[in-house]
Amino acid sequence: MITDNKEVHKKLNKQGYRITKAREIILTILNKSPKHLSVDDIYLAIKASGKNVGTTTIYRAVDSLTKAGVIRKLSLLNGRASFKIINGGMSEHHHHLICRHCQKVIEYSDFIEDEIKLIKKLETIVSKAHQFKIEDHQLSFTGLCKSCKAAPSLRGLIRPLAASRAFKKESFLERG
Ligand SMILES: [Zn+2]
Ligand SMILES: [Zn+2]
Ligand SMILES: [Zn+2]
């Protein structure tokens, strides 16, 4: 288990964070997941592995791990958040499209050239205006995903219950 999270441990130790049992279990789960996981997702994954860590402990652990800069927090529209391990390296950098309806998170890293240029320009402007040294950014766009946009139930404002359940199921499976 320890070898899995070696790099992360080094980073934590350097900053004076202890490797608690809960942090270790959470790191292992996040290390295995290519997707963002919410506290509920983490809770279920821990349970599925036969261990038991309460949600309060998970909340506290992800908070510390985020502060330590080893995991990244993504705030969702429903006031919740999801987490992903930071592996380092630029290949990991991506932007988000968050669907306000099904809460699906779409990640993309196939940036359009114009997008990169505009962001660089934006960083320069903001950095000058606020005299802030920008090191990184997180970019999330919110709106409606392809399937929600096409859903007939959303064209009218009434959304049948069955459809809403189906969307929830889909968002759980496809959350990225
Ligand atoms: Zn970016
Ligand atoms: Zn959607
Ligand atoms: Zn992401």
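The values are calculated or read from the model by the stated rules, or taken from the named source; none is laboratory data. Computed from a prediction, not measured in an experiment: that's the story for all the values here. Cβ coordinates were reconstructed from backbone atoms using ideal geometry, including for glycine residues, and neighbour counts include every protein chain displayed.
Taking the criterion of being over 17 Å from His94 (Cα atoms) and not aromatic (Phe, Trp, Tyr), the residues of region 123-133 that qualify are Thr124, Ile125, Val126, Ser127, Lys128, Ala129, His130, Gln131, Lys133.
Being within 15 Å of Asn52 (Cα to Cα) and either touching a Pro at 6+ places or on another chain (Cβ under 8 Å) or surrounded by 15 or more Cβ atoms within 10 Å (Cβ to Cβ) (or both) is the filter here; which residues of region 17-26 pass it? So that I can check it myself, show each step before the final result.
First pass over region 17-26, keeping only residues within 15 Å of Asn52 (Cα to Cα): 20-26.
Hits for region 17-26 are Ala22, Arg23, Glu24, Ile25, Ile26.
Okay, residues lined up against (1) within 16 Å of ligand 3 (Cβ to nearest atom); (2) exposed (fewer than 15 other Cβ atoms within 10 Å of the Cβ); (3) among the acidic types (Asp, Glu); (4) modelled with pLDDT of 90 or more:
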| residue | (1), (2), (3), (4) |
| --- | --- |
| His93 | yes, yes, no, no |
| Gln131 | no, yes, no, yes |
| Thr142 | yes, yes, no, yes |
| Ser147 | no, no, no, yes |
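Of the residues making up region 47-60, those that are under 15 Å from Thr28 (Cβ atoms) and either in contact with a Ser or Thr (Cβ under 7 Å, 6 or more places away or on another chain) or of a type in the set (D, E, K, R) (or both) are Lys47, Lys51. Kindly evaluate Val70 against the criterion of being without any contact (Cβ under 8 Å) to a residue 60 or more places away in the chain, in contact with a strand residue (DSSP E or B) (Cβ under 9 Å, 6 or more places away or on another chain) and surrounded by 17 or more Cβ atoms within 10 Å (Cβ to Cβ). No.
Number of residues in region 94-122 that are without any contact (Cβ under 8 Å) to a residue 40 or more places away in the chain and either more than 16 Å from ligand 2 (Cβ to nearest atom) or at positive phi (or both): the value is 15. Applying the condition of being within 13 Å of ligand 1 (Cβ to nearest atom) and surrounded by 11 or more Cβ atoms within 10 Å (Cβ to Cβ) to region 98-119 and asking which residue is farthest from Ala81 (Cα to Cα) yields Lys117.
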